[in-house]
Amino acid sequence: MNGPESEEPPLRRAVCPGSFDPVTNGHLDIIARASRLYDVVHVAVMVNQSKKGLFTVEERIELLRQVTAEYGNVRVESFHGLLVDFCKQRDIPAIVKGLRAVSDFDYELQMAQMNNGLSGVETLFVPTNPTYSFLSSSLVKEVAAWGGDVSHLVPPLVLESLTERLAQR
Ligand code: PNS
């Protein structure tokens, strides 16, 4: 059948960008919630040549792929350069970001306004689950490096990789 009635509506896409070094339960909560709102969620791992992480970008992607496997509509990719260019290349009109506290807001607002000014992409802020409002990858790494228990803050696979990586140091 031809004509407009036979045409599939375009997929609604969003991106969840970040460093994900490594992915935490806070990130996963936002990704899971975005996956319920959009047809396809692109998780975009930023490649930052000037900052060496605990995990390589490939390792971060692999961890993310495994812990998001249960959400059938999540795609994990890396990007370098501007996030708006990643969005343009994939026809993504929306960025989904978690807001942990008002202290996140100033910088996030600046980025949202810049990105909108650059290409018209919208940013949607999702309030972080209060359970994770203090959580960041940096804190997880610091606490884990000193032997603190982070098992409630990251998925079991990430905990395993984190423990292994820190033991090699
Ligand atoms: O997990 P992070 O490190 O807080 O994520 C920051 C990220 C990747 C979302 C942000 O730095 C970003 O979008 N970088 C891509 C470069 C870019 O587009 N810069 C202009 C932002 S207005």
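The values are calculated or read from the model by the stated rules, or taken from the named source; none is laboratory data. All of these numbers come straight from a predicted model, not from anything done at the bench. Every residue, glycine among them, receives a Cβ derived from its backbone with ideal geometry; neighbour counts consider all protein chains shown. SASA here: full protein model, heavy atoms, side chains in, ligands and nucleic acids out. Shrake-Rupley method; radii C 1.70, N 1.55, O 1.52, S 1.80 Å.
Taking each residue of region 64-79 that is closer than 16 Å to L37 by Cα and looking for partners that are of a type in the set (D, E, K, R) with beta-carbon atoms closer than 8 Å, six or more apart or interchain, yields N73/D39.
One residue is enough: does region 29-41 have a residue meeting the conditions open to solvent by 90 Å² or more (accessible area, probe 1.4 Å), away from the ligand (no atom under 14 Å from the Cβ) and in a strand (DSSP E or B)?
Within region 29-41, none of the residues are open to solvent by 90 Å² or more (accessible area, probe 1.4 Å), away from the ligand (no atom under 14 Å from the Cβ) and in a strand (DSSP E or B).
Within region 109-132, being part of a strand (DSSP E or B), open to solvent by 30 Å² or more (accessible area, probe 1.4 Å) and in contact with a Gly (Cβ under 8 Å, 6 or more places away or on another chain) holds for F125, P127. The residues on offer are I61, I92, and the sole one that is in a loop (DSSP other than H, G, I, E, B), among the hydrophobic types (A, V, I, L, M, F, W, C), modelled with pLDDT of 95 or more and within 16 Å of the ligand (Cβ to nearest atom) is I92.
Just to verify a result, which residue in region 76-103, among those that are small (G, A, S) and open to solvent by 20 Å² or more (accessible area, probe 1.4 Å), is farthest from A14 (Cα to Cα)?
It comes out as S103.
Take D106 and decide whether it is free of Cβ contacts under 8 Å to residues at least 40 places away in the same chain and either surrounded by 12 or more Cβ atoms within 10 Å (Cβ to Cβ) or under 18 Å from P22 (Cα atoms) (or both). If you could, list the steps in order and put the result at the bottom.
Details: free of Cβ contacts under 8 Å to residues at least 40 places away in the same chain: yes; either surrounded by 12 or more Cβ atoms within 10 Å (Cβ to Cβ) or under 18 Å from P22 (Cα atoms) (or both): no.
Against the criterion (free of Cβ contacts under 8 Å to residues at least 40 places away in the same chain and either surrounded by 12 or more Cβ atoms within 10 Å (Cβ to Cβ) or under 18 Å from P22 (Cα atoms) (or both)), D106 does not qualify.
Conditions tested, residue by residue: (1) under 14 Å from the mean Cα position of the chain (by Cα); (2) within 22 Å of K141 (Cβ to Cβ).
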| residue | (1), (2) |
| --- | --- |
| E5 | no, no |
| A32 | yes, no |
| N48 | no, yes |
| V76 | yes, yes |
| V96 | yes, no |
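Might you check whether a residue that is within 13 Å of the ligand (Cβ to nearest atom), open to solvent by 30 Å² or more (accessible area, probe 1.4 Å) and of a type in the set (G, A, S) occurs anywhere in region 7-27? Within region 7-27, one or more residues are within 13 Å of the ligand (Cβ to nearest atom), open to solvent by 30 Å² or more (accessible area, probe 1.4 Å) and of a type in the set (G, A, S). Do the conditions hold for L54, that is, is it over 16 Å from the mean Cα position of the chain (by Cα), within 16 Å of the ligand (Cβ to nearest atom) and in a loop (DSSP other than H, G, I, E, B)? Criteria met by L54.
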